[in-house]
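To keep things clear, I will list the structure first and then write my remarks on it.
The values are calculated or read from the model by the stated rules, or taken from the named source; none is laboratory data. What you see is a predicted model; the values in this text were computed from it and never measured. Every residue, glycine as well, gets a Cβ built from its backbone with ideal geometry; the counts of neighbours run over all protein chains shown.
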Amino acid sequence: MTVLRLLRLHRPADFADWYRIGAEYVHDVAAGLGLRVGDFESRVVRATDAMRAGRTDLPPDLARSVAADLLADATFCDPFCQWMPLWYELGLAAPCSYTDFQLRRVAKQYATDLPHLSVPRFSRPEDVYIDGRPATAYVDGFADQFTLAAAVLHLEWFVYVARESGIFVPPLFVERTREQTVAYYTGRRSDLDPDVRTFQRLLFSDDEWVRRIADVYDLDSALFDLWARILERERRALS
């Protein structure tokens with residue numbers, strides 16, 4: 001099978017493992033940073049079981065976590081592609097659009113009874129300037145562009161989903177991580193502070209997210225393999 005397998009996903013049950021894998025990633029990054037995760041791990045199990053059963057009537061804390069995770073994934077693809085070469089952006093436009101639509105559609109079913117949930121907005125290249133130029137002007141080559149985009153956007157993704165899932169992520173730490181990340185991956189900084197380096201190393205474990213999604217949904221995709229290799233390479237470089 002290929003990524004076209006994802007076109008068959010449209011029910012809450014179809015996205016149960018999708019949510020589980022993303023939520024476990026959030027838990028592992030947060031726990032690795034020493035943040036308080038409370039009973040998040042058990043809440044993920046309950047939410048996943050409910051999704052597999054097709055239930056959308058979850059307690060607010062579980063519903064918020066599910067909706068936030070799916071909305072974050074739905075919102076992620078378009079800004080990420082804008083950091084990449086035009087051929088890459090155009091090639092993924094159609095499958096990303098359809099998958100995003102289905103993710104939003106299911107997420108809304110879990111957000112219906114929530115008093116408020118904001119859809120995240122992730123950075124585009126024009127949102128990140130260095131000396132008056134977009135950050136992308138300082139990187140060459142597909143792998144370096146991909147790594148820069150991942151470093152910026154998976155930080156934003158994690159912070160949004162973690163906070164909506166009840167995990168406090170210190171704002172000043174996030175701000176410092178973002179500042180150093182942009183400088184480091186555009187060649188304006190030679191290294192990261194140890195705690196920031198640990199944060200990014202944990203975030204770059206999303207190579208396992210890619211592999212687990214591919215395995216669970218039976219994807220035989222060269223594109224997923226490429227993503228995983230680039231992410232794993234950077235995770236190892238940060239170790």
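From the list TYR88, TYR98, TYR110, which residue is part of a helix (DSSP H, G or I) and either modelled with pLDDT of 95 or more or buried (at least 20 other Cβ atoms within 10 Å of the Cβ) (or both)? Step through it out loud before you land on a result.
Details: TYR88 fails: either modelled with pLDDT of 95 or more or buried (at least 20 other Cβ atoms within 10 Å of the Cβ) (or both); TYR98 fails: either modelled with pLDDT of 95 or more or buried (at least 20 other Cβ atoms within 10 Å of the Cβ) (or both).
None of the others qualify; the one that does is TYR110.
Output the residues belonging to the stretch 191-223 that are at pLDDT below 95 and more than 17 Å from the chain's Cα centre (by Cα).
Answer for the stretch 191-223, where residues must be at pLDDT below 95 and more than 17 Å from the chain's Cα centre (by Cα): ASP215, VAL216, TYR217, ASP218, LEU219, ASP220, SER221, ALA222.
Quick check, is VAL37 among the β-branched types (Val, Ile, Thr), under 19 Å from the mean Cα position of the chain (by Cα), surrounded by fewer than 22 Cβ atoms within 10 Å (Cβ to Cβ) and under 13 Å from SER165 (Cα atoms)? Even if it seems obvious, please write down each step before you answer.
Numbers: among the β-branched types (Val, Ile, Thr): yes; under 19 Å from the mean Cα position of the chain (by Cα): yes; surrounded by fewer than 22 Cβ atoms within 10 Å (Cβ to Cβ): yes; under 13 Å from SER165 (Cα atoms): yes.
In short, yes.
List the number of the failed condition for ALA31; all other conditions in (1) in contact with a helix residue (DSSP H, G or I) (Cβ under 7 Å, 6 or more places away or on another chain); (2) surrounded by fewer than 21 Cβ atoms within 10 Å (Cβ to Cβ) hold.
ALA31 satisfies all of (1) in contact with a helix residue (DSSP H, G or I) (Cβ under 7 Å, 6 or more places away or on another chain); (2) surrounded by fewer than 21 Cβ atoms within 10 Å (Cβ to Cβ) except (1).
Check GLU175, GLU208, GLU156 and return the single one that is closer than 14 Å to PHE80 by Cβ and either surrounded by fewer than 17 Cβ atoms within 10 Å (Cβ to Cβ) or in contact (Cβ under 8 Å) with a residue 24 or more places away in the chain (or both).
Testing whether each residue is closer than 14 Å to PHE80 by Cβ and either surrounded by fewer than 17 Cβ atoms within 10 Å (Cβ to Cβ) or in contact (Cβ under 8 Å) with a residue 24 or more places away in the chain (or both) leaves just GLU156.
Of all residues in the stretch 129-151, which are touching a helix residue (DSSP H, G or I) at 6+ places or on another chain (Cβ under 6 Å) and free of Cβ contacts under 8 Å to residues at least 24 places away in the same chain?
Hit for the stretch 129-151 is PRO134, nothing else.
Quick one: is LEU117 among the aliphatic types (A, V, I, L, M), modelled with pLDDT under 95 and in contact with a Cys (Cβ under 6 Å, 6 or more places away or on another chain)?
No, not satisfied.
Suppose the filter is more than 20 Å from GLU24 (Cα to Cα) and of a type in the set (Ser, Thr, Tyr); does THR48 pass it?
Numbers: more than 20 Å from GLU24 (Cα to Cα): no; of a type in the set (Ser, Thr, Tyr): yes.
No.
Looking only at the stretch 185-195, which residues are closer than 15 Å to ALA150 by Cβ and either in a helix (DSSP H, G or I) or out of contact with any Phe, Trp or Tyr (no Cβ under 9 Å at 6 or more places or on another chain) (or both)?
TYR185
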